[in-house]
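Asker: My questions all concern the structure below.
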Amino acid sequence: MTKLDSTLRTRFAPSPTGFLHIGGARTALFSWAYARRFGGKFILRIEDTDRERSTEESERGVIDGLRWLGIQWDGEIARQSEANARHQEVIEDLLTAGKAYRCICSREELEQRKQEHIARGDKWTYDRKCRDEDYAADCGTHVVRLKLPDTGMLGWVDGVFGESGQDASEIGDVIIRRSDGSPLYHLAVVVDDIDLGINFVIRGQDHHSNTPFQLAIYQAMGVEPPRLAHVPLIVGKNGKKLSKRRDPISVQQFQEEGYLPEAMRNWLTRIGWSHGDQEVFSSEEITQTFDLEHVNHSSAQADLEKLVWLNQHYLKTLPMDQIRDYVLPFLEKEVGGSVQWDDALAFYIEADRERPKTLVEMAQRARFLLLDDDALQIDEKAAKKHLKANIAPALEQLRDAFAALGAWDHESIEGAFQSVLEQQNRERSEEQGEMKMGKLAQPVRVAVTGGPVSPGIHETLMALGQERSVTRLSNAIQAIRARA
RNA sequence: GCUCCCAUCGUCUAGCGGUUCAGGACGCGGCCCUCUCAAGGCUGAAACACGGGUUCAAAUCCCGUUGGGAGCACCA
């Protein structure tokens, strides 16, 4: 073991399940932010001991998720499977040093003795039957157990919870190697963390009560344990554990639903951590202000409404070239083909960006712009409400006014609307009442977009262009006439 | 069952003994703006789980109750 310098080193150690869980994503975010905040390194280690499930494929989900969130790790990705020989070596050393021993108690015997204890009302920890037998390697099927001290506190000052720990007497001699020869998780993490020079472990609270075991292993190995901090879990609606069925738990899922990494990162960071009243955090602000002191002690529910709000916030404030990169794939999916990003599209998205809640919605709202004029389907309800026979004359006048325009900009379009309104109001009778902008704009909106919602009508028409606007108005007028 | 952890508006939270009849945000209601939908502005309702202490003074400290969560494997 090389003596490592005092640089802060945190880590994230997921098992490769094919996707990144939001709880995992958050502890990764915290570990990353903490390392960045204090000039340390953030290491990624894949816990791929379960060789059946661990494939390149299943790792990718986790790795892609981290990348997407903008959580960059330092150095190469470490893999637990690569450390197997090292785990064995440590176990052998502990055996030789008399700090661990072989245990030949079968599961059946163990279960029986455990039941007897419980029947007597005693608590059960392993009864140390084999502890002093000193069985050799040829003792047959056996596991290896760590000798825990009889008494003494296995404690630490948790970065979040403060003084924590348990007396050694309450903990049984834990198994560190299975009868098939493979090392157990507790042994493996400790060894891996030591070898990677991890000196600050930030992990989920579900590990809190297991920590004393691991401290015992550090003690047996004669290595100073890292600083430890446990962050409370994210729970689902009504405070229950996140469930795959009920709750959206994979980062990928959010990505597909059109959430931005900026929003996701901001949201996750703010669950269980705060910085005064601040709600919006850029990546830089996270890495400049994150601390453990303000991590909450209680588990928190994932509040989707807030994510939506954050997403909308970033949708309307991020630089346009970023929005372009984010939304393009969604647009292509929406129309089922490649999409050319041109000035008109850029103008439209810019005009519309404060309305959609997700990228999916943003793409849906731009769909009408990307369709051929003849392929535009008019929403039936909207047509029935806004494209009635009595509006046709005004639409015709407007179409003609549009067709005659020399320039196609906000001012000229507005002028055309005004002149048509004036003309209408001259022609209309007393009982018909005055025609206002709303009465005209809405039918136009339905005619050119196919639906009742869009950005300001002038902007919408500008994005569509003069020729296409005229065509779509004509199509709508025809449709009205055909129905009459 | 045993061990450990937790407890402020519906939700995320600020608060680290007095300046708080508890502040912000999301969501919800109302009003304004308005060519639709949003956005924005103003505004309203909404919480210290309960019971005991300690103290001149408690959301803040201590104890109990209740309620939640996690861990107790030859899983990770």
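The values are calculated or read from the model by the stated rules, or taken from the named source; none is laboratory data. Quick caveat: nothing in here was measured; it's all calculated off a predicted structure. Quick reminder, even Gly has a Cβ in these numbers, built from the backbone with ideal geometry, and neighbours come from all protein chains shown. Side chains included, ligands, DNA and RNA excluded: accessible areas come from the protein's heavy atoms. Shrake-Rupley method; radii C 1.70, N 1.55, O 1.52, S 1.80 Å.
Asker: State all residues of segment A:465-484 that are touching a residue at least 40 places away in the same chain (Cβ under 8 Å), open to solvent by 10 Å² or more (accessible area, probe 1.4 Å) and part of a helix (DSSP H, G or I); if no residue qualifies, say none. Write out each step before concluding.
Answerer: Here is the first cut: in segment A:465-484, the residues touching a residue at least 40 places away in the same chain (Cβ under 8 Å) are A:465-466, A:468-477, A:479-481, A:483-484.
Remaining after also requiring open to solvent by 10 Å² or more (accessible area, probe 1.4 Å): A:465-466, A:468, A:470-471, A:474-475, A:479, A:481, A:483-484.
Once the filter is applied, which keeps residues that are touching a residue at least 40 places away in the same chain (Cβ under 8 Å), open to solvent by 10 Å² or more (accessible area, probe 1.4 Å) and part of a helix (DSSP H, G or I), segment A:465-484 yields A:GLN466, A:ARG468, A:VAL470, A:THR471, A:SER474, A:ASN475, A:ALA479, A:ARG481, A:ARG483.
Asker: Let me ask something additional. Considering only residues that are closer than 14 Å to A:VAL280 by Cβ and open to solvent by less than 30 Å² (accessible area, probe 1.4 Å), which ones fall in segment A:309-323?
Answerer: If we filter segment A:309-323 for residues that are closer than 14 Å to A:VAL280 by Cβ, which is where we start, we get A:309-318.
Passing the criteria: A:LEU310, A:ASN311, A:TYR314, A:LEU315, A:LEU318.
Asker: Would you pick out the residues in segment A:37-89 that are among the acidic types (Asp, Glu) and open to solvent by 60 Å² or more (accessible area, probe 1.4 Å)?
Answerer: Result: A:ASP50, A:GLU52, A:GLU56, A:GLU57, A:ASP64, A:GLU76, A:GLU82, A:GLU89.
Asker: Can you confirm whether A:HIS458 is near RNA strand B (Cβ under 10 Å from one of its atoms) and over 24 Å from A:ILE378 (Cα atoms)?
Answerer: Details: near RNA strand B (Cβ under 10 Å from one of its atoms): yes; over 24 Å from A:ILE378 (Cα atoms): no.
No: the conditions fail for A:HIS458.
Asker: Within segment A:201-216, restricting attention to residues that are open to solvent by less than 10 Å² (accessible area, probe 1.4 Å) and away from RNA strand B (no atom under 13 Å from the Cβ), which residue is nearest to A:ARG270 (Cα to Cα)?
Answerer: So, considering only residues that are open to solvent by less than 10 Å² (accessible area, probe 1.4 Å) and away from RNA strand B (no atom under 13 Å from the Cβ), the one nearest to A:ARG270 (Cα to Cα) is A:ILE202.
Asker: Hey, another quick one. It is to be established whether one or more residues within segment A:95-109 are hydroxyl-bearing (Ser, Thr, Tyr) and open to solvent by less than 60 Å² (accessible area, probe 1.4 Å).
Answerer: yes
Asker: I've got another one for you. Test of understanding: among A:GLU396, A:GLU361, A:GLU332, A:GLU380, which residue is open to solvent by 80 Å² or more (accessible area, probe 1.4 Å) and on the phi < 0 side of the Ramachandran plot?
Answerer: On the way: A:GLU396 fails: open to solvent by 80 Å² or more (accessible area, probe 1.4 Å); A:GLU361 fails: open to solvent by 80 Å² or more (accessible area, probe 1.4 Å); A:GLU332 fails: open to solvent by 80 Å² or more (accessible area, probe 1.4 Å).
The unique qualifying residue is A:GLU380.
Asker: Is there a residue in segment A:80-94 that is free of Cβ contacts under 8 Å to residues at least 60 places away in the same chain and within 11 Å of RNA strand B (Cβ to nearest atom)?
Answerer: Checking segment A:80-94: at least one residue is free of Cβ contacts under 8 Å to residues at least 60 places away in the same chain and within 11 Å of RNA strand B (Cβ to nearest atom).
Asker: Within segment A:111-124, is there a residue that is open to solvent by less than 30 Å² (accessible area, probe 1.4 Å) and in a loop (DSSP other than H, G, I, E, B)?
Answerer: No, every residue in segment A:111-124 fails to be open to solvent by less than 30 Å² (accessible area, probe 1.4 Å) and in a loop (DSSP other than H, G, I, E, B).
Asker: Going residue by residue through segment A:249-260, is there one that turns out to be farther than 22 Å from A:LEU20 by Cβ, outside the structural domain of A:ASP192 (by TED's automatic domain parsing) and surrounded by 15 or more Cβ atoms within 10 Å (Cβ to Cβ)?
Answerer: The answer is no; no qualifying residue exists.
Asker: Sort through A:HIS186, A:HIS117, A:HIS142 and tell me the only one that's within 12 Å of RNA strand B (Cβ to nearest atom), touching a strand residue (DSSP E or B) at 6+ places or on another chain (Cβ under 8 Å), free of Cβ contacts under 8 Å to residues at least 60 places away in the same chain and more than 29 Å from A:ARG9 (Cα to Cα).
Answerer: Details: A:HIS186 fails: more than 29 Å from A:ARG9 (Cα to Cα); A:HIS117 fails: touching a strand residue (DSSP E or B) at 6+ places or on another chain (Cβ under 8 Å).
A:HIS142 is the lone residue from the list that is within 12 Å of RNA strand B (Cβ to nearest atom), touching a strand residue (DSSP E or B) at 6+ places or on another chain (Cβ under 8 Å), free of Cβ contacts under 8 Å to residues at least 60 places away in the same chain and more than 29 Å from A:ARG9 (Cα to Cα).
Asker: Identify, from the list A:ARG265, A:ARG178, A:ARG270, the residue that is open to solvent by 40 Å² or more (accessible area, probe 1.4 Å) and farther than 30 Å from A:ALA136 by Cβ.
Answerer: A:ARG270
Asker: Moving on to the next point. Please work out if A:ASP127 is touching a residue at least 12 places away in the same chain (Cβ under 8 Å) and within 15 Å of RNA strand B (Cβ to nearest atom).
Answerer: yes
Asker: Could you please find all residues in segment A:259-284 being within 17 Å of A:GLN322 (Cβ to Cβ) and either more than 15 Å from RNA strand B (Cβ to nearest atom) or touching a Pro at 6+ places or on another chain (Cβ under 8 Å) (or both)?
Answerer: Answer for segment A:259-284, where residues must be within 17 Å of A:GLN322 (Cβ to Cβ) and either more than 15 Å from RNA strand B (Cβ to nearest atom) or touching a Pro at 6+ places or on another chain (Cβ under 8 Å) (or both): A:LEU260, A:PRO261, A:GLU262, A:SER282, A:SER283, A:GLU284.
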